[in-house]
Structures are given as C-alpha cells and as structure tokens.
Amino acid sequence: MKVGLCGLGDRLGYLVNIFLQAYPGFDPVAYADPAPAGFRRMDEDVVRRLRGYPDLDRMLDAEDLDLVMIGSPNALHYDHLTTALRAGLKTFCEKPVVVSEEQTFRLLEELRSHPADQVMVGLVLRYAPLYRDLSRLAEDGTLGEIVSIEASEHIPPVHGAFFFRDWRRKSELSGGFLLEKCCHDLDLYAGLVDSRPRRVVSFGGNSVFRERHRHWDDERVYHRWPSFWGTTDSAFSGDADIVDHQVALIEYANETRLCFHTNVHTPDNFRRFCVIGSEGMVEGDFVRGYLRAHRAVSGECVLDATYKDDGVSAHYGSDRLMAEDVARHLEDGAALPVTVVDALEAGLTAMKIDESRRSGQVVDLTELWARFDEKTGGRVA
C-alpha cells in the first residue's frame with residue numbers, strides 16, 4: 001500500500017508511526033508540503049525514504065500511489081480531497097472534512113461520482129473503547145429511549161494557548177474552534193442517539209486569550225506546545241477570531257436534547273458526559289477513563305468500567321484502533337464505524353451552532369437536511 005502524505009504536519013507525522021505499527025502493508029513513499037513540520041514525529045528511516053514535492057498535483061503526477069492521507073490545514077481539505085478523488089485514489093482525510101456550508105454541498109456533489117467508501121475520515125473517537133462500550137449500552141436497550149444528554153470538552157491552558165498561537169486561531173483557516181475541535185463530540189452524540197439536530201442555539205466568546213491578559217505571557221505553559229505554520233508569538237496577541245468558551249443546546253429530530261459546554265482554559269480538564277434514558281443512565285469521562293451505568297428504577301449498577309491509555313496512541317487509545325480498522329478496511333473491505341457523510345453532518349452541525357452564536361437566534365436545520373438528503377439520497381432528518 002504505497003501512501004502519499006498531503007500536508008505533513010504534526011498530526012500526520014504522528015499518524016504515520018501509528019499506521020506503520022498497525023498495518024504491515026503501510027508504505028509511506030512521498031509527501032506534498034512546501035514546509036513539512038511532521039518529520040519530528042517520524043522515525044528517521046521513514047523520513048529518509050520519503051520523496052518530497054511542493055504540492056499535491058506534482059506528487060500525484062510523479063508517484064504511483066494507492067492511498068493519499070490529507071493532514072493539511074482545514075481550509076485546504078476541499079481542494080486536496082477533490083484532487084485525490086478525481087485521481088481515483090483511496091483517501092484518508094483528517095477532520096473536519098471541509099470548513100463551510102458551500103464546500104459541504106460542493107463535496108457532496110463530487111462524492112456522487114465516486115464509490116461510497118473512497119473517503120475515510122479521522123473522526124477517531126468513534127474507535128475509542130469507551131465509546132464502543134457506550135454504544136453497546138444504547139444498542140442493547142440498557143438505557144431505553146435516550147431522553148437527554150449533558151456533555152462537555154474542557155481542555156487545559158497549554159492546549160488552549162496552542163489554538164490561539166497556531167493557524168487554528170483564524171476561522172478562515174480552521175472553520176472556527178467548535179468545528180476544529182468539537183466536531184468529534186458532535187459526531188459521537190449524534191451517532192449515539194441516531195438522529196440529526198433539528199434546532200440549535202449557542203452562546204460563546206473569548207474572555208481569556210485577549211490582549212488585556214498579555215502579562216500572562218511570561219508563564220511557560222502558554223508556549224509549551226510548538227506551532228509550526230501561520231503561528232504568532234503570543235496566545236494573547238489579539239488577532240484570533242475563535243472562541244475560548246462556548247455553550248450549545250441541540251434538539252434532535254427524535255426529541256432527544258443535548259447540552260454541550262467547551263472551555264479551553266481549564267486546569268483540571270475533562271471530556272465527560274451523562275446520558276439519561278427512560279430505562280437507565282450512563283456517565284463517563286474520556287480523559288479520566290471511566291464509564292458507569294445504572295438502572296433507572298432499581299438504581300442497580302450494571303457497568304462500572306475503567307480505561308487506561310495503551311501507552312502507544314493518543315485519543316484515549318483510539319488512534320491505534322482506528323489504524324487497525326482502516327487496515328482491515330483497505331485489505332478486506334471491512335466496514336468502518338464512521339463515514340464521510342457522518343463527518344459532513346457533524347461539520348454542518350458545528351457550523352450552524354456557530355451561526356446561532358453569531359446571530360443570537362435559534363437556528364432551524366430542517367431545510368438544511370432536506371437539501372443534504374437531495375444530494376445523498378439519505379435519511380429524512
């Protein structure tokens with residue numbers, strides 16, 4: 001499996017090592033990037049073997065590839081993905097797939113001309129052991145009908161500062177913080193309830209990473225994570241247009257409701273949730289590694305599980321499991337737990353939540369999903 005890397009940043013450099021461990025047939029041979037930063041995450045032997053090109057077109061012209069992996073800045077995904085698709089190549093694209101509603105519908109139109117499984121996406125938390133167990137509880141009836149969900153993603157200052165120094169601080173490049181970081185969470189809970197959002201409303205802003213707090217710049221924590229492209233020296237430079245905290249309410253078409261909160265300056269970080277159903281409740285935390293489920297009437301505890309990092313992969317052990325599943329998919333055609341259509345739905349949800357945040361209005365998604373289904377022949381929202 002000869003692999004070309006498009007946008008060789010830190011994330012893709014790291015994933016190369018994970019895929020090499022999980023997939024013996026994985027053979028990275030080339031990269032397309034005028035200023036690659038991911039070499040520091042890769043084995044020297046692999047780096048020495050790679051042939052470099054300044055852009056994707058030149059790599060595709062020169063190399064005979066089986067797979068392209070896209071890890072470029074989000075705003076470039078659409079062009080890189082359509083180029084790889086039209087070259088007839090199997091493609092793995094990091095999340096989010098695209099950064100705007102317009103790009104979403106243009107890509108849906110493009111996908112109609114290609115096999116449904118030509119694109120794989122890096123919504124890696126679908127592979128997390130904790131999420132797999134959570135999904136089983138929903139599928140086996142332990143929870144009954146899911147009524148409401150409380151969920152959050154709170155990340156520490158070192159990570160938040162990275163966003164405000166990196167290219168991700170510019171919405172035109174990242175699509176905004178919620179799309180860039182929390183599309184994972186929006187995808188997970190939509191998959192869990194098996195429904196799409198009908199209405200959303202949101203509030204948020206930037207209260208910490210502002211020029212008035214520039215005196216905090218002396219603290220090493222705000223510089224610990226390196227940034228390599230489109231960077232600024234200070235997380236408090238004032239040139240970011242993303243939020244550092246946001247709350248959102250989602251009402252799904254099946255009348256499940258979700259309350260979501262994110263904050264990027266949380267000293268004791270967590271990624272937790274509480275899912276309450278007619279028959280039971282389950283609560284858990286990806287960061288702290290636990291999942292507990294109880295019956296609603298009796299109060300009986302039916303699951304009390306803990307999860308530890310495997311010492312190999314990030315994202316709570318899910319990167320390795322994703323690589324293993326992708327390997328089976330490439331070798332045997334095995335189904336994957338998340339599709340490019342799932343990813344585009346999660347992306348549109350994030351975009352509409354941000355539309356509500358900007359407008360201060362409840363946003364109805366009914367017409368959006370009708371238009372989406374016209375392109376995909378998919379379900380009714």
Only one of (1) surrounded by fewer than 21 Cβ atoms within 10 Å (Cβ to Cβ); (2) over 17 Å from the mean Cα position of the chain (by Cα) is not met by Ala190, so which one is it?
(2)
Assuming Leu76 fulfils every condition listed in (1) assigned to a loop (DSSP other than H, G, I, E, B); (2) under 22 Å from Trp167 (Cα atoms); (3) open to solvent by 40 Å² or more (accessible area, probe 1.4 Å) apart from one, which condition is it?
(1)
Give segment 15-44 a look and list any residue that's in contact with a Gly (Cβ under 7 Å, 6 or more places away or on another chain) and in contact (Cβ under 8 Å) with a residue 60 or more places away in the chain, or say none.
Ala37
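Report, by residue number, each residue of segment 33-54 that is open to solvent by less than 60 Å² (accessible area, probe 1.4 Å), assigned to a loop (DSSP other than H, G, I, E, B) and under 24 Å from Arg169 (Cα atoms). I'd like the intermediate steps shown before the answer.
Of segment 33-54, the ones open to solvent by less than 60 Å² (accessible area, probe 1.4 Å) are 33, 36-38, 42, 46-47, 50, 52-53.
If we keep only those that are assigned to a loop (DSSP other than H, G, I, E, B) too, we end up with 33, 36-37, 42, 50.
Correct list: Asp33, Pro36, Ala37.
Give me the residue from segment 135-182 that is of a type in the set (D, E, K, R), assigned to a loop (DSSP other than H, G, I, E, B) and within 18 Å of Ser227 (Cβ to Cβ) and, out of that set, most open to solvent (accessible area, probe 1.4 Å). Working first, answer last.
First pass over segment 135-182, keeping only residues of a type in the set (D, E, K, R): 136, 139-140, 145, 150, 153, 165-166, 168-170, 172, 180-181.
Applying the additional criterion that residues be assigned to a loop (DSSP other than H, G, I, E, B) yields 140, 145, 166, 170.
Going one step further and asking which of them are within 18 Å of Ser227 (Cβ to Cβ), we end up with 166, 170.
Details: Asp166: 5, Lys170: 59 Å².
Taking the candidates together, the pick is Lys170.
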Please list, ordered by residue number, the helices (runs of 4 or more DSSP H) wholly in segment 267-381 having 1 or more residues that are farther than 27 Å from Tyr23 by Cα, touching a residue at least 60 places away in the same chain (Cβ under 8 Å) and under 24 Å from the mean Cα position of the chain (by Cα).
340-359, 366-376
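Does Phe228 qualify as being more than 21 Å from Cys182 (Cβ to Cβ), surrounded by 15 or more Cβ atoms within 10 Å (Cβ to Cβ) and not β-branched (Val, Ile, Thr)?
No; evaluated as a whole, the condition is false for this residue.
The values are calculated or read from the model by the stated rules, or taken from the named source; none is laboratory data. Computed from a prediction, not measured in an experiment: that's the story for all the values here. Quick reminder, even Gly has a Cβ in these numbers, built from the backbone with ideal geometry, and neighbours come from all protein chains shown. The area values use the complete protein model at the heavy-atom level, side chains included, leaving out ligands, DNA and RNA. Shrake-Rupley method; radii C 1.70, N 1.55, O 1.52, S 1.80 Å.
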